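Peer 1: Okay, here's the structure, questions in a sec.
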């Protein structure tokens, strides 16, 4: 049992444990915080897989942006300090069974991939990997189309969200001199 | 390549433990005299009315949302920026197009008045 | 041997410890790990202890700017004032109101401190002295800062106080908004250096510092780091007249002290990050041969930027939240996008066509600055003429005097 394996097991246990707590804890904001822990565990797994860029991106985007968005949504729409209650239905064991069956099936499938159980190759150089990634994102023979489509997708998400979340009435932005800044 | 994370893996827990020890010392050394008045939430001296909740103000959510979009955009741009010196000019132009598409989104948000803090 | 030791104390200490540990029978990798641990402990301790000096210096300097004396009772020139404050805070009771979420309540200040201390892991203090040479150093700084925002949100939530919660929301709205131009502007030194590794960025600043090549980017980063820190003029997060004390209303004694420490340390850390990214870090005459000189240069640059942020704090008044957010989304973010675009294009054109990189980039920055100033002037003129017409219109259409004389 090498040190790397131990660290992997610890990170995997952390991620799985936190994920279980997300769906079983009784308070909504606690669930959001357990989610953050699970995402941090995934970041550690990325780092173990020699993908430092993805690990950091996981923290910056998921924990630093999306988790905050989720917590905002949770705290703004519920009376969070009192929001608690049972999260599991009476047939929770069915869900657990389905999850275990799915896991078993995936393990069987993955073990059949040739070379899956072979030892890993030499550690790649992250800096060269990053340069490679950057190049291939804009290379005409590689991923330029998904790259630009991603920006269009982000634009669509932005416009769609603004359309949905737009407040009903908009006062004209005048009279800034004496008006205090809004209701809160 | 895992060696680069060792220092971070040590520094972050130490960064939590050192102030933790300080706060613990404060808890142990300080007096502990709880009484019901001290336990009430502070509202400039007046009594609290109602539960602790905040009126929904969509503006908070909108700012966080625009931040998510621009954060993801910046994350796409970092590999492009790192590979900058190996790129041809048209590749740099493609990155600039990426930025301009999202700048158009910001302009749209501005014109629609979504960026105002009501 | 004597000069080498003085010239490079860090390397010398490192060498001695390595030979000591491997002499004890540890393998190379384990010895390096133990060295990392020792380095981390020393760094964290030095940082947290240096806040004593930083807080005292800040109070003294701010007082002089405000034409008063500042702390001068405890020790010569009041040097031990912060120690006295610490002793007082240690002796106070940590009053927690009923219904707080205990674990989160105590975790929040620790996370905020951790997010500041963690940034120092990637900052190169001297040639060859860096916590870790992360290949994704720049994004790591952003990531660790994001954890601090989470800490503030958790502090506001766990206080069971609707004003603390509201204060936390406003704080996170401000922090999150100002992170957009910050992340966009961080792309500029990455483009210029071709790497996210802070050590490489420092090394690439050898002919000239990045502040000369991208002055607008440095300015935007300075402003956004002031806002991320919660310093004046963006300090309505904890101003006494706003929402009680914002997200740390229900924090007393040393738990509050931790937020205080984190804020002052963050100002110093922001100075260090600016010094590394734009001012050339440890670069200076003779820094490669005598790394201790590099450390001195780095410290000097950091202190200058820290003093600059202090100067701004003592000079400008606080701005309202709607002004602040409008400034961010309508001025800073478009400016950051423009700076990024023009730097990317100008630098590549200079490289391809063989022009002078410095001049091309400076020229591009100048163009963007002039266009921005022109746009702001036009906007100000439009606002002024609108107010004029409103005033005149008001006079003309004023309600007539009452009919009953």
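The values are calculated or read from the model by the stated rules, or taken from the named source; none is laboratory data. Quantities reported herein were computed from a predicted structural model and do not represent experimental measurements. Here the Cβ positions follow ideal geometry from the backbone for every residue, glycine too, while neighbour counts run over all protein chains shown.
Peer 1: Scan the range C:301-320 for residues that are in contact with a helix residue (DSSP H, G or I) (Cβ under 6 Å, 6 or more places away or on another chain) and within 14 Å of chain A (Cβ to nearest Cβ) and jot them down.
Peer 2: Across the range C:301-320, there are no qualifying residues.
Peer 1: Checking residue C:376 against (1) touching a residue at least 24 places away in the same chain (Cβ under 8 Å); (2) closer than 30 Å to residue C:282 by Cα; (3) surrounded by fewer than 17 Cβ atoms within 10 Å (Cβ to Cβ), which test does it fail?
Peer 2: With respect to (1) touching a residue at least 24 places away in the same chain (Cβ under 8 Å); (2) closer than 30 Å to residue C:282 by Cα; (3) surrounded by fewer than 17 Cβ atoms within 10 Å (Cβ to Cβ), residue C:376 is out only on (2).
Here's the yes/no breakdown for (1) within 11 Å of chain A (Cβ to nearest Cβ); (2) touching a helix residue (DSSP H, G or I) at 6+ places or on another chain (Cβ under 6 Å); (3) over 26 Å from residue C:40 (Cα atoms):
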position	(1), (2), (3)
C:82	no, yes, no
C:96	no, no, yes
C:124	no, yes, no
C:129	no, yes, no
C:135	yes, yes, no
C:143	yes, yes, no
C:149	yes, yes, no
C:152	yes, yes, no
C:156	yes, yes, yes
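Peer 1: More than 7 Å from every other protein chain (Cβ to nearest Cβ), crowded, with 17+ Cβ neighbours inside 10 Å and closer than 19 Å to residue C:177 by Cβ - does that describe any residue in the range C:356-367?
Peer 2: For the range C:356-367, residues more than 7 Å from every other protein chain (Cβ to nearest Cβ), crowded, with 17+ Cβ neighbours inside 10 Å and closer than 19 Å to residue C:177 by Cβ: absent.
Peer 1: Could I ask something else about it? Taking the criterion of being assigned to a helix (DSSP H, G or I), under 24 Å from the mean Cα position of the chain (by Cα), within 14 Å of chain B (Cβ to nearest Cβ) and loosely packed, with under 15 Cβ neighbours inside 10 Å, would at least one residue in the range C:52-75 satisfy it?
Peer 2: No - not one qualifying residue is present in the range C:52-75.
Peer 1: Separate question: So residue C:342 passes all but one of these: (1) assigned by TED's automatic domain parsing to the domain that holds residue C:276; (2) in a helix (DSSP H, G or I). Which condition number does it fail?
Peer 2: Going through (1) assigned by TED's automatic domain parsing to the domain that holds residue C:276; (2) in a helix (DSSP H, G or I) one by one, residue C:342 breaks only (1).
Peer 1: Residue by residue through the range B:60-118, note down the ones that are within 19 Å of residue C:178 (Cα to Cα), more than 8 Å from chain A (Cβ to nearest Cβ) and out of contact with any helix residue (DSSP H, G or I) (no Cβ under 7 Å at 6 or more places or on another chain).
Peer 2: Result: B:107, single match.
Peer 1: Still on this structure, I have one more. Where in the range C:116-225 are the helices (runs of 4 or more DSSP H), entirely inside, with at least 3 residues that are farther than 30 Å from residue B:95 by Cα?
Peer 2: C:137-158, C:162-193
Peer 1: Hey, any hits in the range C:211-226 for a residue that's crowded, with 23+ Cβ neighbours inside 10 Å and at pLDDT below 90?
Peer 2: yes
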